[in-house]
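For reference, the structure is listed below as structure tokens.
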């Protein structure tokens, strides 16, 4: 959500971030290495010229934990992680850009559960760029 005026640079960051999140979700397939989710994340951002602004990981497993953290680590979602994705895994995928030079950031994420055929998105909000004045 942008407050006041929309920023065209940040809108562009949003569009590529939405594309990265979609690619990450598509890459989440049972039997495939979890690192392929981050590889999809990197491909989208790097192709759009945002490689220096992306994070070095793009999510983590969620477990039955809450305090002090909800992260059930391992596994983290990073390139090269050979842990195979399996049905029943619950993952939080996050696509984040930080452009420190322009003092801008963009982030989208959602929770998925792996099924026998792919990923089911559990989050209910649709990823839209909204400007509130």
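Overview of values
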| quantity | calculated |
| --- | --- |
| Whole-number percent relative contact order across the chain, with pairs defined as alpha carbons under 8 Å at least 6 apart | 32 percent |
| Mean residue ellipticity (222 nm) of the chain, computed from DSSP H runs ≥ 4 via -39,500 (n - 2.57), nearest 500 | -8500 deg cm²/dmol |
| Among 40, 101, 86: highest mean-square fluctuation, GNM of the chain, C-alpha pairs under 10 Å | 101 |
| Most mobile of 107, 116, 61 in a GNM of the chain (Cα contacts under 10 Å) | 116 |
| Overall Cα dimensions of the range 78-133 - principal axes, largest extent first, Å | 43, 28, 13 |
| Folded to 0 to 90 degrees: helix 8-27 orientation relative to the chain principal axis, Cα | 10 degrees |
| Between helix 35-47 and the chain: long-axis angle, C-alpha atoms, 0 to 90°, nearest 10 | 20 degrees |
| The range 9-62 - percent relative contact order, Cα under 8 Å, separation 6 or more | 32 percent |
| Identified option (computed Kirkwood radius over Cα pairs in Å; candidates (1) 15.3; (2) 14.9; (3) 16.4) | (1) |
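Bear in mind that the values in this text are calculations on the coordinates, not laboratory data. Just so you know, these numbers come straight off a predicted model, no measurement behind them.
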